[in-house]
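Trainee: Quick one: structure below, then a few questions.
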Amino acid sequence: MTEGSRSRPAVLAALALSALAPLALLLLASVGRDWFFPAPWPPAMTLESWGDAFRGGGRMAAALGTSLVLAVGTGLAGAAVGWPIGRALADLSGWARHLGASAAFLPVAAPPVALATGLHLSALTAGVAGTTGGVFLSHLVPATGYAALYFLGVFTLFDRRVEDEARTLGAGPRTVLWRVTMPMMRRQLGEAFLLGFLVSWAQVATTLVIGGGRVRTLPLEVFAYLQAGQDRYAATGALLLVIPALLMLGAVRFAVARAEATPL
Amino acid sequence: MTRSSRRGLLAALAVALPVLVGVGYSVLASVGLTGPGAAGGGSARLVAVLGEPVVWAGLAWSLWVAAASTALAAAGAVAVAALFRRGAGIDRMARLFAVLPLPIPHLAAAVAGLLLLGQSGLLARLLASLGLLADPGGMPALVYDRAGLGLILTLAWKEFAFLALVAFSVVATRGERLEEVARTLGAKPAAVFRRVTWPLLWRGILPAVVAAFVFVASTYEATAVLAPSDPLALPLLTLERYTDADLSRRGDAFALALLGMTVSLLAVAAHEWARSHWDRFEP
């Protein structure tokens with residue numbers, strides 16, 4: 001037995017601990033009551049913060065709703081806008097292709113704070129600063145970059161002869177899109193939606209600057225709870241940020257596994 | 001120029017336009033031509049901001065945190081990818097646990113980091129229960145500390161998942177065949193790792209390492225939760241200036257935003273240069 005294979009169970013245990021312990025700690029902190037130093041374990045449990053998260057009219061419930069609306073909207077719009085952009089970029093070759101890929105990379109690589117301050121004037125000019133619509137548009141900028149890069153890769157490998165065949169059989173552009181291309185791209189559209197959802201779900205800097213504190217999303221509430229020293233609520237909010245992200249990833253992995261047999 | 005080329009370039013412009021408008025506005029605002037505190041043009045603001053020691057201290061601190069956390073995450077990813085590369089159950093479980101933190105938002109990771117590493121966090125409580133600590137003040141500062149240890153560990157944990165995913169993919173798609181060739185030529189396991197696996201992994205994950213570095217250097221969420229107020233990290237300093245009650249200082253944020261963008265672009269350019277340099281040696 002080599003040294004590497006002897007250490008594998010120990011490394012596996014460390015990986016499991018590293019992946020699960022932070023989530024377990026958040027869960028514990030979200031239900032622990034009167035959990036003061038040096039108690040290693042909460043002396044009492046409460047579901048108060050979880051109740052507030054789902055009770056209508058509560059701060060956290062409202063923020064959760066706003067975050068969900070923004071993330072779903074950004075995911076849908078990002079996929080819808082990123083598709084044609086990515087496809088058009090995939091048609092490029094040589095220097096133009098490098099230029100196109102770099103352009104799509106810009107919104108992804110731009111520091112969030114720099115992006116937010118830069119976009120603020122546009123939002124003010126358009127009269128959408130401090131509104132949910134303005135925050136949605138600011139989330140859409142990086143989400144479109146991710147989706148365009150994603151579809152650039154997808155359409156680079158896409159076999160367009162299928163569409164050509166449909167056209168030779170008399171199908172118009174709309175029919176080809178709805179009856180041929182879209183059904184083949186269900187998985188890719190789902191993944192692009194997930195990308196946009198996650199980009200919006202975790203945004204803080206653009207929400208803070210463009211929303212001007214008036215649009216309250218879940219991450220902003222988590223910040224507020226931390227600053228107020230309400231660790232239980234902050235941990236609950238943090239877990240609420242984690243759960244949809246993990247569920248989304250699981251759903252996409254499941255969809256990918258099901259669609260794996262379908263050639264592109 | 002063909003119709004599809006024109007369409008492609010228009011698409012490129014469409015996706016980059018919001019950022020370009022933002023950059024253009026930042027350039028104009030940083031030289032005082034527009035925005036809050038505009039004073040009619042000139043490089044005075046830019047020179048003044050770039051002459052502030054707090055700016056360079058913040059930049060250096062952000063780069064230190066990014067370099068340390070990315071190096072830790074990359075080393076861990078390479079080690080785990082080399083160790084769990086087969087199809088056995090233990091390998092699949094290890095790969096699953098390694099990438100599990102991937103979709104967890106950085107803010108949630110930062111809250112967990114705070115609850116674990118803070119002065120009265122779980123680590124301090126465990127040390128206290130073992131009799132090694134009497135009060136929270138005895139716990140070494142791991143959050144809000146000048147060295148940024150808590151932030152580095154939290155970001156390394158978060159970036160490790162991303163780099164491990166890339167490393168697993170590199171090993172799965174490119175490693176097997178070349179290693180087999182090395183083995184048939186008589187290379188021992190250590191030599192196979194040193195001469196084949198390691199160079200493949202390192203080059204394969206380099207784009208992701210650069211992306212992680214750029215991301216971490218400009219990340220706001222985790223930094224706002226775990227970083228000290230002195231030195232103030234560049235993203236925090238930028239937002240602090242942007243929301244300053246003194247309108248004349250708000251324009252400083254645009255000069256700082258440009259500085260942040262320059263760092264990102266330099267990292268990407270360095271990576272592109274390295275990649276084109278190494279591509280010449282690809283088999």
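Trainee: So if we plug the beta-carbon distance of B:A269 and A:R179 into 1/(1 + (r/R0)^6) with R0 = 56 Å, what FRET efficiency do we get, rounded to 0.05?
Mentor: Values: r = 44 Å, r/R0 = 0.79.
Working from the Cβ atoms, E equals 0.80.
Trainee: Let me know the longest stretch in chain A that avoids all trypsin sites (Lys or Arg not before Pro) found in a DSSP loop with at most 15 other C-beta atoms within 10 Å.
Mentor: By the stated rule (loop sites, at most 15 other Cβ atoms within 10 Å), A:56-159.
Trainee: While we're looking at this one, here's another question. Taking 1 over the mean of 1/r across every pair of different Cα atoms in the stretch B:209-257, what Kirkwood radius in Å do you get?
Mentor: Working: mean 1/r = 0.0867 Å⁻¹.
Hydrodynamic radius (Kirkwood, Cα only) of the stretch B:209-257 equals 11.5 Å.
Trainee: For a label point 7 angstrom out from the Cα of B:A60 toward its Cβ, which stretches of the stretch B:233-255 have the backbone nitrogen within less than 20 Å?
Mentor: Only B:233-238 pass the distance filter.
Trainee: Tell me whether chain B comes out rounded, prolate or oblate; compute the Cα gyration tensor, take square roots of the eigenvalues as a ≥ b ≥ c, and use a/c under 1.5 as the rounded threshold.
Mentor: oblate
Trainee: Right, here's the next one. Given 10 Å bins starting at zero, what is the percent of C-alpha pairs of the stretch A:160-252 in each, up to the one with the largest pair distance?
Mentor: Per 10 Å bin, starting at zero, the Cα-Cα P(r) for the stretch A:160-252 comes out as 14, 28, 22, 16, 13, 6, 1 percent.
Trainee: Using the Cα centre as the reference, give the magnitude of the dipole from point charges on the C-beta atoms of the protein assembly as shown (Lys, Arg: +1; Asp, Glu: -1; all else neutral), rounded to the nearest 20 debye.
Mentor: That gives the protein assembly as shown a dipole magnitude of about 1460 debye.
Trainee: May I ask for the Rg/Rh ratio of the stretch A:1-46, computed from Cα atoms with Rh as the Kirkwood radius, given to two decimals?
Mentor: 1.27
Trainee: Which loop-located chymotrypsin sites (Phe, Trp or Tyr not before Pro) does the stretch A:1-103 contain, where loop means any DSSP state but H, G, I, E or B and the Cβ has at most 14 other Cβ atoms within 10 Å?
Mentor: Here the sparse-neighbourhood loop sites are A:F36.
Trainee: Taking the square root of 5 times each eigenvalue of the Cα gyration tensor, what semi-axes in Å does the equivalent ellipsoid of the stretch B:7-153 have, largest first?
Mentor: Rounded to whole Å, the semi-axes are 41, 28, 13.
Trainee: Taking the inverse of the average 1/r across all pairs of different Cα atoms in the stretch B:171-239, what Kirkwood radius in Å do you get? Walk me through the numbers on the way to the answer.
Mentor: Working: mean 1/r = 0.0667 Å⁻¹.
Hydrodynamic radius (Kirkwood, Cα pairs) of the stretch B:171-239 is 15.0 Å.
Trainee: What residue among B:F254, B:F215, B:F193 has the largest mean-square fluctuation in a Gaussian network model of chain B, using Cα springs under 10 Å?
Mentor: Most flexible of the set in this elastic network: B:F193.
Trainee: With springs connecting C-alpha atoms under 10 Å apart, model chain A as a Gaussian network and identify which of A:L195, A:L157, A:L68 has the largest mean-square fluctuation.
Mentor: A:L157
Trainee: Please give the residues of the stretch A:171-200, grouped as numeric ranges, whose backbone N is less than 12 Å from a label point set 7 Å along the Cα-to-Cβ vector of A:R160.
Mentor: none
Trainee: On to the next question. Taking the square root of 5 times each eigenvalue of the Cα gyration tensor, what semi-axes in Å does the equivalent ellipsoid of the stretch B:1-63 have, largest first?
Mentor: Details: eigenvalues 235, 61, 14 Å².
Square roots of five times the eigenvalues give 34, 17, 8 Å.
Trainee: When the expected Rg is taken as 2.2 N^0.38 Å, what fraction or multiple of it is the alpha-carbon Rg of the stretch A:146-196?
Mentor: For the stretch A:146-196, the normalised Cα radius of gyration comes out at 1.23.
Trainee: Separate question: To the nearest 20 Debye, how big is the dipole of the stretch A:47-259 about its Cα centre, given +1 on the beta carbon of each Lys and Arg and -1 on that of each Asp and Glu? Mind showing how you got there, number by number?
Mentor: On the way: 16 positive and 10 negative charges, 71 e Å.
I would put it at about 340 debye.
Trainee: Please give the net charge around B:V216, taking every other residue with its beta carbon less than 13 angstrom from that of B:V216, where Lys and Arg add +1 and Asp and Glu add -1.
Mentor: Numbers: positive: B:K158; negative: B:E159, B:E221.
Local net charge: -1.
Trainee: What share of all Cα pairs of the protein assembly as shown, in percent, falls into each consecutive 10 Å distance bin?
Mentor: Calculated P(r), rounded to whole percents: 4, 16, 26, 27, 18, 8, 2, 0, 0.
Trainee: Next question, about the same structure. Work out, in µm²/s and without decimals, the Stokes-Einstein translational diffusion coefficient of the stretch B:86-244 at 10 °C, 1.306 mPa s, Rh from Kirkwood over C-alpha pairs.
Mentor: 86 µm²/s
Trainee: Right, another one. How compact is the stretch A:47-259 by the rule of thumb for globular proteins, expressed as Cα Rg over 2.2 N^0.38 Å? List each step's numbers first, then the result.
Mentor: Details: Rg = 19.7 Å, N = 213, 2.2 N^0.38 = 16.9 Å.
Taking N as the residue count of the stretch A:47-259, the ratio is 1.17.
Trainee: Using a Gaussian network model on chain B with a 10 Å cutoff between Cα atoms, which of B:I205, B:I90, B:I152 fluctuates the most?
Mentor: Between B:I205, B:I90, B:I152, it is B:I90 that shows the largest mean-square fluctuation.
Any read-out appearing in this document is the output of simple, stated calculations on the displayed coordinates, not a laboratory observation. Quick caveat, the model's predicted, so the values are computed rather than measured. Every residue, glycine among them, receives a Cβ derived from its backbone with ideal geometry; neighbour counts consider all protein chains shown.
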